[in-house]
1. Could you identify which residue out of Pro77, Pro149, Pro339 has the top mean-square fluctuation in a GNM of the chain using Cα springs shorter than 10 Å?
2. For each of Val202, Val253, count neighbouring Cβ atoms within 10 Å of the residue's Cβ, then give the residues from fewest to most.
3. Between Ser108 and Ser185, what is the FRET efficiency for a Förster distance of 25 Å, r being their Cβ-Cβ separation, to the nearest 0.05?
4. Can you give the extra length, in nm with one decimal, that the chain gains between Ala362 and Ser199 once fully stretched, where that is 0.36 nm per residue apart less the Cα-Cα distance?
5. Can you tell me which of 314-321, 275-282 comes out highest on packing, and rank the rest after it, using the mean Cβ neighbours within 10 Å?
6. Taking neighbour counts of Cβ atoms within 10 Å as a proxy for exposure, in what order, fewest first, do Asp255, Asp219, Asp138 appear?
7. Per 0.36 nm of contour for each residue apart, how much would the distance between Glu278 and Gln347 grow if the chain were fully extended, relative to their Cα-Cα spacing?
8. Any chance you could check the Cα centroid distance between segment 297-368 and segment 175-231 for me, in angstrom?
Amino acid sequence: MSFWLNLPRPIIGLSPMDGVTDACFRSVIAQQGKPDVSFTEFTHVHDICHGPEKCLETLRYSEGERPIVAQLYGKDPERFYLAAQVVCELGFDGLDINMGCPSKSVASSGSGAGLIRTPELARAIMQAAKRGIEDWADGQTLEQAGLKPARIAMFERLNQQRGDTSPSPRRRLPLSVKTRIGYDSVTVEDWVEQLLLESPAVLSLHGRTLQQMYRGTADWSAIARAAALARGTTTLVLGNGDIQRLDDIAGRVCDTGVDGVLVGRGVLGAPWFFRAKERARIGVGGVRDPEVGSDVCARPLHERFAVLVEHARQFTQFFGAQQFHRMRKHLGWYCKGFPHAASLRAQMVRVSSVEELQALLAEFHDRPAAVIDLPQAEPTEEPSLLVSRCS
């Protein structure tokens, strides 16, 4: 049975974001308050089948994140067939196909949101992935599928790195799709009807077209129409876009009829976002908890900084000190919604180690107490985003 059917309703999950929701960030989120489901950053099927081992870093995960879904992208059905079997071998709980990334380098090649223009190819990719999952579940080995021993050894090392040396149980993973409501205009009905022909377990919709990128506001009325199309089928629909607070969720679910939501940018700098998700679910029944929204943005400053330092420590353990520059965007995202946050955020771009981070925060704490202990206001500015290829 698909794990999706056992999740509470509405489902409240973490949206995949390339360059952001890496294994470390997801692990920190799981420790601070787990979402109902998480997705990896997307991985190109070519990299799984032929790329260097460092490209497989996006497939790292920890047991504490479950249920965890691997997200793949590309445009070659045969590579999806092979990559789907690798996802199964790596012990993931599900496989998601990215058909929503608006990045020019991705979409112009025919992958990501580019697939909205080629629905027949999109369906062929889904069919190939399903065949891969079924053949693996029926006992086919990666070597029998055509992968070379040296590459299979890479996947074995990934499992060992996670501490898993036992073979993954042979089961059929649920296939899902994450996409957008259109390419250069809203064509949600035609596009969703095509995807539903392949009966994905879940269809996640970002309420913008590719052309919009992340500009303007998400069109939840289009998401509602998609949810109506899927009603009565076996496919669940999740909405995505502009959810900044947990108390946004009840209204979105009630207004659109979606089965749940995925939260992306609202989690940046707030890995505790999902801590109060049960109270957010109560709101779907018409009872609004005033503490839901405040739980997200008004963390005491000392708690926020403690999580920030722990995140940086874990990042160094995951990826090594030489990769610390990748952590800087996260450091900046933590600095919002309190006095002098912009000044501190500007200094974060120069931090190169946990020790430098601790020294900077100690200096910030040494400022007059009146500056530090002022009530934390809801942030009025959107943190600068370095997310280049999220869906």
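1. Top of the fluctuation ranking is Pro149.
2. Listing Val202, Val253 from fewest to most nearby Cβ atoms yields Val253, Val202.
3. Efficiency, from the Cβ-Cβ distance: 0.90.
4. 53.3 nm
5. Highest to lowest by the protection proxy: 275-282, 314-321.
6. If I rank by nearby Cβ atoms, fewest first, I get Asp138, Asp255, Asp219.
7. Gain on stretching Glu278 to Gln347: 21.2 nm.
8. 36 Å
Quick note: the coordinates plus some simple rules give every number you see, no bench work behind them. Note that this is a predicted model, so its numbers are computed, not measured. For neighbour counting, all protein chains shown are included, and Cβ atoms are generated from backbone atoms with ideal geometry for every residue, glycine included.
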